[in-house]
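The values are calculated or read from the model by the stated rules, or taken from the named source; none is laboratory data. Keep in mind the model is a prediction, meaning the values are calculated, not measured. Cβ atoms come from the backbone with ideal geometry, glycine included; neighbour counts cover every protein chain shown.
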DNA sequence: TTGTAAGCGTTATCAC
DNA sequence: GTGATAACGCTTACAA
């Protein structure tokens with residue numbers, strides 16, 4: 001078996017034309033049962049399968065979806081990638097995973113994906129700057145979608161979790177617990193606006209008459225930077241001004257915050273300071289953290305995204321309701 | 001810009017033939033500076049970029065690599081995926097991420113990948129059964145490679161970490177610490193052989209005259225199952241027979257083991273029982289675990305894999321040396 | 001139901 | 001250095 005068999009080869013073996021072979025492999029095509037059987041036997045014998053590349057060139061449909069990820073430090077990405085790949089595969093699509101970083105930027109990735117004729121592009125990360133996406137060269141490429149953050153671009157639909165509602169649910173829980181000096185730990189400053197969590201957190205406390213929310217900010221969305229940010233902020237602050245509640249923009253930051261507060265400051269959580277995260281990352285349930293957090297309905301969000309991409313749902317942003325996960329840290 | 005421009009369109013605009021356009025976009029092609037400039041201007045104006053799909057059909061090279069992953073529960077996958085995608089992108093390749101599970105098995109995935117004409121297939125997971133890979137229908141497809149576990153198939157090269165050496169380094173450390181009742185916690189029983197860690201662990205202790213190594217086994221490679229496996233084993237065992245050292249097949253299992261031992265049994269680690277993992281997962285460095293573990297040189301292994309795939313290195317299995325990471329749990 | 005012709009947008013090869 | 005012809009393996013329309 002030196003070379004792959006083509007429809008032509010199978011046709012010859014089955015004594016029909018190559019178009020009949022194609023028909024045998026086309027679900028709804030009109031073909032006699034007899035021809036179909038002969039073709040299938042010959043195909044089996046020659047180990048033939050249609051070349052999807054050639055099909056894509058002819059149909060202008062690759063059945064490939066590009067997923068752009070820019071933050072592999074966030075453990076939450078992994079279960080979502082599992083969900084994405086699996087749901088797409090169930091629909092006969094394959095996921096092309098593209099790593100965005102300082103050396104391979106969005107523009108390059110989008111152009112690359114465009115050249116490969118992917119059917120759709122999903123932006124799944126925090127650092128996509130709207131200006132980039134409006135690059136003229138990108139017009140006319142595959143349709144784009146944003147997952148789990150705001151789009152900030154009218155034409156590009158976003159599939160998100162209801163962040164204001166999330167912060168309200170979290171906030172009401174915090175209020176009931178009696179916390180009075182809230183602080184918010186955000187990731188990379190310039191990017192946080194897209195998630196809208198910080199804004200929603202502020203909005204909630206303002207609505208409760210609490211004007212002052214302390215803002216901390218980490219250099220990126222990693223545990224290490226969460227750790228460093230909390231240290232840096234608390235070191236220079238008189239202890240009596242320390243917050244009694246630290247809401248972190250995601251679980252990764254919260255893990256770092258907990259590590260610092262517990263291991264270095266030797267404080268009790270939540271008695272001395274309460275800490276909450278966002279994402280319900282796998283490890284957040286572990287007794288080592290037992291983190292109070294908020295879960296985005298990722299399976300549902302991915303399903304929504306897929307129906308939009310398949311054209312079964314309107315091409316417009318969709319907001320889903322998440323779920324408060326109460327554990328022991330807040 | 002309703003439709004994408006083709007080489008033909010650009011040719012017309014530049015007043016040359018489409019082959020000249022192609023040449024302008026082919027690195028080493030012979031073309032006059034003048035034509036080249038005119039073509040590039042027209043291309044810029046028409047927002048033209050070569051269609052990689054058509055190129056692939058003509059060259060029989062997609063520059064796409066399929067990566068088959070079957071264990072998204074292991075947090076170690078994420079940094080490796082980052083490394084894989086990034087290194088491949090640096091070489092102008094893109095990664096197609098394929099999720100293997102009970103509904104979408106290896107055979108289906110391999111056939112699918114084969115139909116899409118990917119240039120190579122990387123098996124990156126624990127559960128690949130050799131029988132499956134020897135399926136006749138798979139012959140003649142893209143070349144396959146195995147990452148971070150044994151291949152068990154002669155034709156398929158594997159890129160691995162030196163497991164016997166790893167277990168020796170770990171073992172010598174354990175011996176120096178004075179542990180005498182070693183146990184090994186493996187993941188899914190049928191799959192563990194491929195990693196060879198359990199075998200290497202036994203071999204080491206046998207060489208030290210310690211005949212008895214207790215074997216525990218979890219249902220899968222997740223923290224939850226690690227937790228459950230340790231509970232199940234220790235519950236039915238008199239306390240004086242408990243191991244004083246638990247080597248876990250990977251960090252995920254170790255996290256679960258630590259959670260159980262510390263939170264439920266209220267034992268001290270490593271005084272009452274020492275625990276070690278494998279992989280040096282991001283969170284293993286956190287103070288919440290501070291796990292002694294062993295790091296596979298993934299960046300190097302991925303680089304090796306890529307040079308094999310690109311044909312710069314011989315198509316044969318390669319073993320790299322890892323690194324012992326000493327922390328506080330053992 | 002089946003065969004034919006044209007086309008998808010490139011690349012490889014040869015002639016000029 | 002440039003243009004032309006054939007080919008990659010399939011799909012879409014149309015004719016038989």
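Side notes on the structure shown:
- Residue count for the stretch A:22-59, restricted to those that are more than 19 Å from residue B:116 (Cα to Cα) and either in the same structural domain as residue A:118 (by TED's automatic domain parsing) or near DNA strand D (Cβ under 9 Å from one of its atoms) (or both): 2
- In the set (1) closer than 22 Å to residue B:74 by Cα; (2) modelled with pLDDT of 95 or more, residue B:272 fails one condition alone, (1).
- Here residue A:259 clears all of (1) over 14 Å from residue A:245 (Cα atoms); (2) out of contact with any helix residue (DSSP H, G or I) (no Cβ under 8 Å at 6 or more places or on another chain) except the condition numbered (2).
- Taken together, A:10, A:21, A:80, A:39 contain a single residue that is buried (at least 22 other Cβ atoms within 10 Å of the Cβ) and either under 39 Å from the mean Cα position of the chain (by Cα) or more than 16 Å from DNA strand C (Cβ to nearest atom) (or both), which is A:80.
- The set of residues in the stretch B:161-173 being buried (at least 23 other Cβ atoms within 10 Å of the Cβ) and not in a helix (DSSP H, G or I) consists of B:161 alone.
- Contact map, the stretch A:14-34: first residue under 21 Å from residue A:59 (Cα atoms), second residue more than 10 Å from DNA strand D (Cβ to nearest atom) and part of a loop (DSSP other than H, G, I, E, B), Cβ cut-off under 7 Å, separation 6 or more or different chains; pairs are A:20/A:31; A:23/A:31; A:24/A:31.
- Residue A:3 being more than 30 Å from residue B:4 (Cα to Cα), more than 7 Å from DNA strand C (Cβ to nearest atom) and modelled with pLDDT under 90: yes
- Residue A:68 being over 19 Å from residue B:118 (Cβ atoms), crowded, with 17+ Cβ neighbours inside 10 Å and more than 16 Å from DNA strand C (Cβ to nearest atom): yes
- Within the stretch B:298-325, the only residue that satisfies the criterion of being assigned to a helix (DSSP H, G or I) and closer than 20 Å to residue B:253 by Cα is B:298.
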